[in-house]
Amino acid sequence: MSRLAYCVDLGRMEYPAALDLQHRVVAARQAGRVPDVLLLVEHDPVITLGRRGDPANILAPAEVLAQLGIAVHRVERGGDVTYHGPGQLVGYPIVSLSEHGLGAADFMHRLEDVLMAALKDLGLEAERRQGIIGVWLGRDKVAALGVRIEHGVTYHGFALNVCTNLEHFRLIVPCGIRDGGVTSIERALGKAVSRAEVVSVVRRRFAEGFGVELQEVIPAELERRLG
């Protein structure tokens, strides 16, 4: 029998608010007050640097980023530099690894499997790239992954480009990788795809991949359960 997990679609949310929410959900998960939680969100334009990310991989000067309204945040996840913005589905799985019998590498590969299966449902054959975490369509990355694990609970997660402004990726060296490009589902398919459709397949494939029954929880209800 599948264990219960929550899925919370936050809609559009500023990055700092979503990071604060992650921290609070992680604490609740560690304390056993909530089950696993999958947060889904879309951010205003923002660049994030992982804890060991190289600031030199942000190519645009600070004044250019300010003119574009793009903030920069150093965060505790793994990985280097990435961009979040409108048209991107960001997922933050807050998962107890021990309950799934997973190690850190297993978890990352499970997330890759989930996203590749979701993309296949949408008509795209995605793949891994040897030695580099992420999901690729040919030489172009369509989903970036980076997580943090504290006391056995994961947070941060994945960013799947649905119809993202790919020009903004020119402001950085995405994930510090110089020999690959960036793409989106819309560009790869050559047609528009709705966020709702992508959310639906990602939810289904996440539930299958992690063996959970996802219960839809609205943000206000999650806040109530966090106490």
**OP:** Give 26, 72 a once-over and let me know the one that is over 30 Å from residue 196 (Cβ atoms), touching a Ser or Thr at 6+ places or on another chain (Cβ under 9 Å), hydrophobic (A, V, I, L, M, F, W, C) and not in a loop (DSSP other than H, G, I, E, B).
**Re:** 72
Subject >> Yes/no for residue 46 being buried (at least 19 other Cβ atoms within 10 Å of the Cβ) and either among the basic types (Lys, Arg) or closer than 16 Å to residue 75 by Cα (or both) >> reply: yes
Original post:
For region 144-165, does any single residue satisfy the condition of being free of Cβ contacts under 8 Å to residues at least 40 places away in the same chain and either crowded, with 17+ Cβ neighbours inside 10 Å or not in a strand (DSSP E or B) (or both)?
Top reply: no
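Return the total of residues in region 108-134 being of a type in the set (Asp, Glu), farther than 21 Å from residue 154 by Cβ and without any contact (Cβ under 8 Å) to a residue 40 or more places away in the chain.
So the answer is 2.
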Subject >> Among (1) touching a strand residue (DSSP E or B) at 6+ places or on another chain (Cβ under 8 Å); (2) part of a loop (DSSP other than H, G, I, E, B); (3) surrounded by fewer than 12 Cβ atoms within 10 Å (Cβ to Cβ), the one test that residue 11 misses >> reply: (2)
Original post:
If you check 91, 85, which single one turns out to be closer than 17 Å to residue 173 by Cβ and small (Gly, Ala, Ser)?
Top reply: 85
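Residue-wise test of (1) surrounded by 18 or more Cβ atoms within 10 Å (Cβ to Cβ); (2) in a strand (DSSP E or B).
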site: 76; (1), (2): no, no
site: 79; (1), (2): yes, no
site: 83; (1), (2): yes, yes
site: 86; (1), (2): no, no
Original post:
Is there any pair with a first residue in region 54-71 that is in contact (Cβ under 8 Å) with a residue 60 or more places away in the chain and a second that is small (Gly, Ala, Ser) whose Cβ atoms are under 6 Å apart and which are 6 or more apart or on different chains, and what are they?
Top reply: 57/176
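Residues are listed down the side, and each one gets a yes or a no for (1) in contact (Cβ under 8 Å) with a residue 12 or more places away in the chain; (2) touching a Pro at 6+ places or on another chain (Cβ under 6 Å); (3) surrounded by fewer than 18 Cβ atoms within 10 Å (Cβ to Cβ):
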residue	(1), (2), (3)
191	no, no, yes
196	no, no, yes
202	yes, no, no
205	yes, no, no
210	yes, no, no
213	yes, no, yes
219	yes, no, yes
223	no, no, yes
226	yes, no, yes
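Which residues, counting only those in region 86-118, are on the phi > 0 side of the Ramachandran plot and out of contact with any Cys (no Cβ under 9 Å at 6 or more places or on another chain)?
Initially, region 86-118 is screened for residues on the phi > 0 side of the Ramachandran plot, giving 87, 101.
Across region 86-118, the qualifying residue is only 101.
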**OP:** Within region 14-43, track down each residue that is without any contact (Cβ under 8 Å) to a residue 40 or more places away in the chain and either loosely packed, with under 14 Cβ neighbours inside 10 Å or in contact with a helix residue (DSSP H, G or I) (Cβ under 6 Å, 6 or more places away or on another chain) (or both).
**Re:** 14, 17, 20, 31, 32
Original post:
Has region 188-206 got at least one residue that is assigned to a strand (DSSP E or B), of a type outside the set (Asp, Glu), modelled with pLDDT of 95 or more and out of contact with any Leu (no Cβ under 7 Å at 6 or more places or on another chain)?
Top reply: no
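The values are calculated or read from the model by the stated rules, or taken from the named source; none is laboratory data. What you are looking at is a predicted structure, and each value in this text was computed from that prediction instead of being measured. Neighbour counts are summed over all protein chains in view; Cβ atoms, including those assigned to glycine, are modelled from backbone coordinates with ideal geometry.
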